[in-house]
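Notes follow the structure.
We did not get these values from a lab; they are worked out from the coordinates using the rules stated. This structure is a prediction, so every number in the text was calculated from the model and none was measured. Reconstructed Cβ throughout: ideal geometry from the backbone, glycine too, with neighbour counts over all protein chains shown.
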Amino acid sequence: YIVQTTNSIAVAICGPVEEDCLAVDVLKKSSKVNTVIRLSACSGMDSTGTNLQSMFDCEIALSTEWHQKINETGKTQIVLVDESAPYPMLQVIDSLLTIDQYRREVISEVNVFMAWSTDGQAEPWRTMFLEN
């Protein structure tokens, strides 16, 4: 098994809150996951990521939300990117995780990052996110 502990904290990176997020369902069914935190794409975020103000506002909101939720439970060991997560959402998450102090506060030293897509050729940014 990729995940060694049975009480892991997982984050599902999802599309808009009104859309289903299969990543949440998958994580909740795992016997290795104790807590699932859903991070949904911010409302007002365009699909191209060209509205910089909405991206900045989203980054602040997600930073606060993630930090508050892990403070209640512990650091994140698993991050699963749902197919519904749009490109700008991953840009925001990537931006947050490039801040060393923030990353050390929310991500466990032992961690697993995963993403899936039914059309990987059309969405190379998912792979780039995982490589960062």
Mind listing the long-range amide H neighbours of ILE37? Cut-off is under 5 Å, sequence gap 5 or more, other chains count too, H placed in the peptide plane at 1.01 Å from N.
ALA10, VAL11, ALA12
Loop chymotrypsin sites (Phe, Trp or Tyr not before Pro), region 84-116, which have at most 14 other Cβ atoms in a 10 Å radius of their Cβ (DSSP):
TRP116
Once phi for every residue in region 8-22 is put through the Karplus expression 6.51 cos²θ - 1.76 cosθ + 1.60 (θ = phi - 60°), the whole-Hz ³J(HN,Hα) values, with Gly and Pro written as x, are 6, 9, 10, 10, 9, 8, 10, x, x, 4, 7, 9, 5, 9, 4
Nearest 20 debye, what's the magnitude of the dipole of region 52-120 about its Cα centre given +1 on Lys and Arg Cβ and -1 on Asp and Glu Cβ?
200
